[in-house]
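Presented below is the structure to which this report refers.
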Ligand SMILES: Cc1cc2nc3c(=O)[nH]c(=O)nc-3n(C[C@H](O)[C@H](O)[C@H](O)COP(=O)(O)OP(=O)(O)OC[C@H]3O[C@@H](n4cnc5c(N)ncnc54)[C@H](O)[C@@H]3O)c2cc1C
């Protein structure tokens, strides 16, 4: 007999958890404060990212953050503000930005990414969701300067050492892969190991599948109270309903830190806002790319090319800063000189909040404090990629099964 499991949050992490928990026989309810049609899990660049082995918190990032702090159109922006959680998070970020910690994180990030890529492939072959785009063309890191190329080559060497397939391309090689669009770049590192998808295709399909098999999806209901007794969670309440649960999963993305406060669990988490612009007219772009100096992302999705990017730490809000959207538009033109993103597409830009932990690792697992409560959040720039692996791990934790990988580095109780 399965357990009653309540999942807070219906982004890719919550829905993936629901998928694997339902498959293993539990009665699952997903509660979301919105309508599950927008937010980070819809606006992301759709990359499946074994290549992203270096966490955001790495040597040199604090210096860059300080340099860019007062420039609100820079790719990495911290809005100066008085917020003690943000101060603590920044200090934890600083403590995590060492070579030693980054080197420990690299193989773990690779392992969970590879696990998730395999699960995306299984998901497609299972046909539970019908067919969906899972393009295995890899990811280009386009660079204009030797400095950026050399820096990425160091990452590529680490990736190759871990067994990932990576190639270095000069301009001629690049043009062979991208014959239909003019490119202004010196060359690229091609992470052949990566793949890409269309989030706005997968999210509704996953939601429809879950509904069809009896998972309860409660939308427009904000969890405002979590009742506990001794070391257990008893129920979760919204304004209008109370849901009793044998198990509760926290998959509330950037909001998870504030919700965890209701349970006196201090997890360090900040929202990292990013933007996406969809261009429906043909661009000729065949491969996804990161525009290295501009730190923008480009993905040829199913019905449009998506230009995305920027990391803005300005708290939890959906305010669209036009100067940041415009910077993505300029980056597109700088690397693909024929491409002009028109004002209509720019004005339809959407934002999403990445749940960013200080050390670049997600929080997946139980806390010492409660016996029936599991965290599944904090995936930052890799939450789309890591959704299925996280869902699978959550189901293994609840089922007390052997875990697909060691999750000790993801402990929500870890200190920085
Ligand atoms: C521009 C951009 C590009 C990105 N590109 C990539 C990429 O290429 N590859 C990649 O792997 N990742 C990428 N990411 C990151 C990725 O999108 C996120 O890490 C991921 O979507 C987080 O998923 P989630 O389910 O944890 O959170 P979310 O998608 O934010 O879902 C959390 C849900 O919880 C709900 N919720 C919050 N509070 C409550 C409450 N109190 N009660 C009920 N419900 C609540 C919210 O409404 C929300 O629906 C990108 C992000 C952005 C913004």
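Below is a table of values for the structure above.
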{"read-out": "Residue match in segment 29-41 (condition: closer than 15 Å to residue 398 by Cβ and either within 13 Å of the ligand (Cβ to nearest atom) or surrounded by 21 or more Cβ atoms within 10 Å (Cβ to Cβ) (or both))", "value": "yes"}
{"read-out": "Residue count, segment 202-225 (criterion: part of a loop (DSSP other than H, G, I, E, B) and touching a strand residue (DSSP E or B) at 6+ places or on another chain (Cβ under 7 Å))", "value": "4"}
{"read-out": "Qualifying residue in segment 269-278 (condition: within 14 Å of the ligand (Cβ to nearest atom) and more than 30 Å from residue 334 (Cβ to Cβ))", "value": "yes"}
{"read-out": "Test: residue in segment 86-102 that is in contact with a strand residue (DSSP E or B) (Cβ under 9 Å, 6 or more places away or on another chain) and surrounded by fewer than 14 Cβ atoms within 10 Å (Cβ to Cβ)", "value": "no"}
{"read-out": "Qualifying residue in segment 350-364 (condition: more than 30 Å from residue 175 (Cα to Cα), more than 14 Å from the ligand (Cβ to nearest atom) and touching a helix residue (DSSP H, G or I) at 6+ places or on another chain (Cβ under 9 Å))", "value": "yes"}
{"read-out": "Tally of residues being in a helix (DSSP H, G or I) and free of Cβ contacts under 8 Å to residues at least 40 places away in the same chain across segment 399-413", "value": "1"}
{"read-out": "Count of residues meeting criterion [without any contact (Cβ under 8 Å) to a residue 60 or more places away in the chain, under 17 Å from residue 53 (Cβ atoms) and surrounded by 13 or more Cβ atoms within 10 Å (Cβ to Cβ)] in segment 161-189", "value": "4"}
{"read-out": "Enumeration of residues in segment 77-102 that are in contact with a helix residue (DSSP H, G or I) (Cβ under 9 Å, 6 or more places away or on another chain) and in a helix (DSSP H, G or I)", "value": "85, 89, 90, 93, 94, 95, 96, 101, 102"}
{"read-out": "Condition broken by residue 65, with the remaining ones in (1) under 25 Å from residue 350 (Cα atoms); (2) under 18 Å from the mean Cα position of the chain (by Cα); (3) away from the ligand (no atom under 15 Å from the Cβ) satisfied", "value": "(2)"}
{"read-out": "Residues of segment 223-265 satisfying the condition of being exposed (fewer than 15 other Cβ atoms within 10 Å of the Cβ) and closer than 16 Å to residue 10 by Cβ", "value": "241"}
{"read-out": "Looking only at segment 294-303, and only at residues there that are buried (at least 19 other Cβ atoms within 10 Å of the Cβ) and out of contact with any helix residue (DSSP H, G or I) (no Cβ under 8 Å at 6 or more places or on another chain), the one that is nearest to residue 270 (Cα to Cα)", "value": "297"}
{"read-out": "Number of positions in segment 236-254 that are assigned to a strand (DSSP E or B), within 14 Å of the ligand (Cβ to nearest atom), over 22 Å from the mean Cα position of the chain (by Cα) and in contact (Cβ under 8 Å) with a residue 60 or more places away in the chain", "value": "2"}
{"read-out": "Close pairs from segment 295-308: first near the ligand (Cβ under 10 Å from one of its atoms), partner in a loop (DSSP other than H, G, I, E, B), Cβ under 6 Å, at least 6 apart", "value": "297/45; 299/45; 299/46; 299/288; 308/45"}
{"read-out": "Complete set of residues in segment 255-264 that are assigned to a helix (DSSP H, G or I) and either more than 6 Å from the ligand (Cβ to nearest atom) or modelled with pLDDT under 95 (or both)", "value": "256, 257, 258, 260, 261"}
{"read-out": "Condition met for residue 271 (touching a helix residue (DSSP H, G or I) at 6+ places or on another chain (Cβ under 7 Å), under 30 Å from residue 142 (Cβ atoms) and in a loop (DSSP other than H, G, I, E, B))", "value": "no"}
{"read-out": "Segment 47-65, subset touching a residue at least 12 places away in the same chain (Cβ under 8 Å) and part of a helix (DSSP H, G or I), residue surrounded by the fewest Cβ atoms within 10 Å (Cβ to Cβ)", "value": "64"}
{"read-out": "Filter result for residue 274 (buried (at least 21 other Cβ atoms within 10 Å of the Cβ) and within 17 Å of residue 197 (Cα to Cα))", "value": "no"}
{"read-out": "So residue 216, is it surrounded by fewer than 22 Cβ atoms within 10 Å (Cβ to Cβ), away from the ligand (no atom under 13 Å from the Cβ), in contact (Cβ under 8 Å) with a residue 60 or more places away in the chain and within 21 Å of the chain's Cα centre (by Cα)", "value": "no"}
{"read-out": "Any hit, segment 315-322, residues being more than 25 Å from residue 80 (Cβ to Cβ), more than 10 Å from the ligand (Cβ to nearest atom) and free of Cβ contacts under 8 Å to residues at least 60 places away in the same chain", "value": "no"}
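Per-residue answers, yes or no, for (1) surrounded by 14 or more Cβ atoms within 10 Å (Cβ to Cβ); (2) touching a strand residue (DSSP E or B) at 6+ places or on another chain (Cβ under 9 Å); (3) without any contact (Cβ under 8 Å) to a residue 40 or more places away in the chain:
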| site | (1), (2), (3) |
| --- | --- |
| 110 | yes, no, no |
| 113 | yes, yes, no |
| 126 | no, no, yes |
| 129 | yes, no, no |
| 133 | yes, yes, no |
| 138 | yes, yes, no |
| 141 | yes, yes, no |
| 144 | yes, yes, no |
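The values are calculated or read from the model by the stated rules, or taken from the named source; none is laboratory data. Just so it is clear, the structure is predicted and the values come from calculations on it, not from any experiment. We place every Cβ from the backbone using ideal geometry, glycine too, and count neighbours over all the protein chains shown.
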